[in-house]
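The values are calculated or read from the model by the stated rules, or taken from the named source; none is laboratory data. Bear in mind that the values here come from a model prediction, so they are computed numbers and not experimental data. Every residue, glycine among them, receives a Cβ derived from its backbone with ideal geometry; neighbour counts consider all protein chains shown. Protein only, heavy atoms only, side chains kept; ligands, DNA and RNA dropped before computing areas. Shrake-Rupley method; radii C 1.70, N 1.55, O 1.52, S 1.80 Å.
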Amino acid sequence: MRVGLGRDVHRVVLGRRLLLGGVCVSEERGCVAHSDGDCLVHALMDALLGAAALPNVGVLFPCSDEKNRGRDSCEMLREVVEIVYGRGFRLANVDLVVQLETPPVSHFFPMIRDRLAPLLDLDGSAIGLKATTAEGLGPVGGGEAVEVLCVCLLEEKV
Ligand SMILES: [Zn+2]
């Protein structure tokens, strides 16, 4: 078994959509990013790649590559899953913590789970999702950033 850890932070500004796990959770305030800024999917990809001891998302999908501009992170996730599964691993579970001050996002979790499960070839019951605020502290607490943490467990296929 192999454990992986991923973390991603993005600056949040007015006038952009906020995507988390392929689901739009705000039309008013969203992430600044080269891709579509889906912080949750970025942390998830880094956890998967980390567990397989592969280079991280920034190396795999560099900002310098024009084809990654505004790119759908879920499409990148599918690519990552195929790479990791191609190395002989299967995913046992993932657990995610979404840290943002506003808006509340927990009611989107069933939708996020439904979006991620087929991309990960994983049952929705193996996808943990939690939301927390930073109690007004730091950039997350000030509403200037969103941060996502992810751990995952890979098993080697027998
Ligand atoms: Zn990111």
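Per residue Cα convex hull volume for segment 60-145, in cubic angstrom?
129
Rolling a 1.4 Å sphere over the protein heavy atoms, what is the accessible area per residue of segment 2-156, to the nearest Å²?
Values: 7230 Å² over 155 residues.
Accessible area per residue: 47 Å².
Efficiency by 1/(1 + (r/R0)^6): what FRET value for Met111 and Glu155, r their Cβ-Cβ distance, R0 = 41 Å, to the nearest 0.05?
My answer for the efficiency is 0.90.
Using 7 Å Cα-to-Cβ label points, what is the Met1/Glu66 separation (nm, one decimal)?
Between Met1 and Glu66, the simple spin-label model gives 4.7 nm.
Peptides 10-20, 46-56, 125-135: what's the order by average Cβ count within 10 Å, highest mean first?
46-56, 10-20, 125-135
Just the number, please: carbon plus sulfur as a percent of the accessible area of the chain, 1.4 Å probe, no ligands or DNA/RNA counted. Please report the intermediate quantities before stating the final value.
Working: 4090 of 7700 Å².
That fraction is 53 percent.
If you take the square roots of the eigenvalues of the alpha-carbon gyration tensor of segment 1-115 and sort them as a ≥ b ≥ c, do you get rounded (a/c under 1.5), prolate (a/b over b/c) or oblate?
oblate
Grab the Cα-Cα distance for Leu137 and Asn93, subtract it from 0.36 nm times how many residues apart they are, and report the gain in nm with one decimal.
Working it through step by step, the gained length comes to 12.8 nm.
Suppose the chain between Asp123 and Arg17 were pulled fully straight at 0.36 nm per residue; how much longer would it get relative to their current alpha carbon spacing? Provide the component values of the computation, followed by the final result.
Working: separation 106, 0.36 × 106 = 38.16 nm, distance 2.76 nm.
Answer, rounded to one decimal: 35.4 nm.
Please sort through the DSSP H helices of the chain and keep those with an alpha-carbon extent of at least 15 Å along the long axis and a Kyte-Doolittle average not below 1.6. Display every interim value, and only then the final one.
Values: long enough: 39-51 (18 Å, 1.70); 73-86 (19 Å, 0.56); 109-120 (16 Å, 0.56).
Within the chain the helices that satisfy the rule are 39-51.
Per DSSP helix of 4 or more residues, -39500 (n - 2.57); summed, then divided by the residues of the chain. What does that give at 222 nm, rounded to the nearest 500?
After summing the helix terms and dividing by residue count, I get -8500 deg cm²/dmol.
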